[in-house]
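See below for the structure under consideration.
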Amino acid sequence: MKIWRLKKGADARFRRGHPWIFTSELVHSAKEILPGEVVELHDFAGKFLAYGYGHPSSQICFRRLSSRSKDKDVLSESFFVERLRVARDVRVRAGLGEFSHRWVFAEADGVPGLVIDLFLTVENGWLAVVQASTAGIDRALPQVFAALKTFAGELGGLTIVEAPSSKTRTLEGLAVAEKRVVFGSPRGLESSSIRLRAGLTLQCDLLGGQKTGFFLDQQSNAGLLRDLLIHHFKGYQ
């Protein structure tokens, strides 16, 4: 594993919680690694700071995965199982476990470059749409998929779709492609009824739709629109 060292004083922002390192903050060049390769980061004095993955040609040359020195297995299946478990427990405690929601939200859940939206479909149960926007996560997708499969029993079944459709992938030299089913059946995904908050059920295309298929952060607005429509049409009765 490559060890990168920061310039003197460049660790202050990172120690306060910022998840990235920029190329201008390194003592040396970032060109010595492959895109997405795991790197060990040290401060100017040589003290351990974090494990993460790097990129040789991006201004964001390092993205933090763990600040624990014992976590040398970052980007392994067990690493993703742990991150998924913590993220799922947070969502369940927040009352999101009974309808569609964002399971993993990149840096906010300790996995930069990874977004997983979990849809509860009327027809086929739970479906996870996985979106990798960085080279580090893209090369680790087999481990992400393996980790997701371990939750299939808990969820009562799970279909997994990869969504390499975001144009931001090109910034890291990654190809943009159509969605594909990685695990489970593609049956009915072009027109799925998904369960949202407040008893809402909407129909969307989880294979051909934009990004992961539906903007789950718009659930409250969808509920507001429903209430406005109900109020509006009551005026005509």
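The values are calculated or read from the model by the stated rules, or taken from the named source; none is laboratory data. Values in this document were obtained by computation on a predicted structure and should not be read as measured data. Every residue, glycine as well, gets a Cβ built from its backbone with ideal geometry; the counts of neighbours run over all protein chains shown. Note: areas computed on protein heavy atoms with side chains; ligands, DNA, RNA excluded. Shrake-Rupley method; radii C 1.70, N 1.55, O 1.52, S 1.80 Å.
Computed quantities for the displayed model
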| read-out | value |
| --- | --- |
| Relative contact order computed over segment 46-133 (Cα-Cα under 8 Å; 6+ residues apart), in percent | 18 |
| Gaussian network model of the chain, Cα within-10 Å springs - most flexible of LYS179, LYS70, LYS167 | LYS70 |
| Counting DSSP beta bridges with both ends in segment 70-184, the antiparallel % (nearest 5) | 80 |
| Tilt relative to the chain, helix 219-234 - C-alpha long axis, 0 to 90 degrees, to 10 | 20 |
| Separation in nanometres of the label points that stand 7 Å from Cα toward Cβ, at LYS31 and PHE48 | 3.1 |
| Sum of -39500 (n - 2.57) over DSSP H runs of 4+, divided by residues of the chain (222 nm, nearest 500) | -6500 deg cm²/dmol |
| Among SER191, THR150, TRP4 - extreme Cα towards positive end, dipole of the chain, charges at beta-carbon | TRP4 |
| For the chain, built as a Gaussian network whose Cα springs stay under 10 Å, the top-fluctuating residue of THR150, THR121, THR134 | THR150 |
| Rounded if a/c under 1.5, otherwise prolate or oblate - segment 171-210, Cα gyration tensor axes | prolate |
| Residue pairs, from the table LYS2/LYS72; LYS31/LYS72; LYS7/LYS31; LYS2/LYS167; LYS7/LYS47; LYS47/LYS72, whose Cα atoms sit over 24 Å apart | LYS2/LYS167 |
| Only Lys, Arg (+1) and Asp, Glu (-1) charged, at Cβ; the chain dipole about Cα centre in debye | 580 |
| Segment 172-208: GluC sites (Glu not before Pro) in DSSP loop, at most 16 other beta carbons within 10 Å | GLU178 |
| Positive-end residue, segment 29-71 charge dipole about Cα centroid, Cβ charges, pick of SER58, GLY36, PHE48 | PHE48 |
| Added length on full extension, which subtracts the Cα-Cα distance from 0.36 nm per residue, VAL92 to ARG13 | 25.3 nm |
| Length-normalised contact order for the chain - Cα pairs under 8 Å, 6+ apart - percent | 13 |
| Long-range amide H partners of LYS2 with built H, under 5 Å | GLU40 |
| ³J(HN,Hα), Karplus 6.51/-1.76/1.60, whole Hz, each residue of segment 73-84, x for Gly, Pro | 9, 4, 6, 8, 4, 5, 4, 6, 4, 5, 5, 5 |
| Nonlocal amide H pairs with LEU65, under 5 Å, H built at 1.01 Å | TYR51, GLY52, TYR53 |
| Part-to-part distance (alpha-carbon centres) for segment 41-101 and segment 1-36, which is given in Å | 16 |
| Heavy-atom accessible surface of the chain: percent carbon and sulfur, 1.4 Å | 55 |
| Fully extended contour minus Cα-Cα distance, from GLU190 to LEU141, at 0.36 nm per residue | 15.3 nm |
| Accessible solvent surface per residue of the chain, calculated while the other protein chains remain in place, 1.4 angstrom probe, Å² | 50 |
| Overall form of segment 88-185 per C-alpha gyration tensor (a/c, 1.5; a/b vs b/c) | prolate |
| Qualifying GluC sites (Glu not before Pro) for segment 99-167 [loop in DSSP, other Cβ within 10 Å: at most 13] | GLU123 |
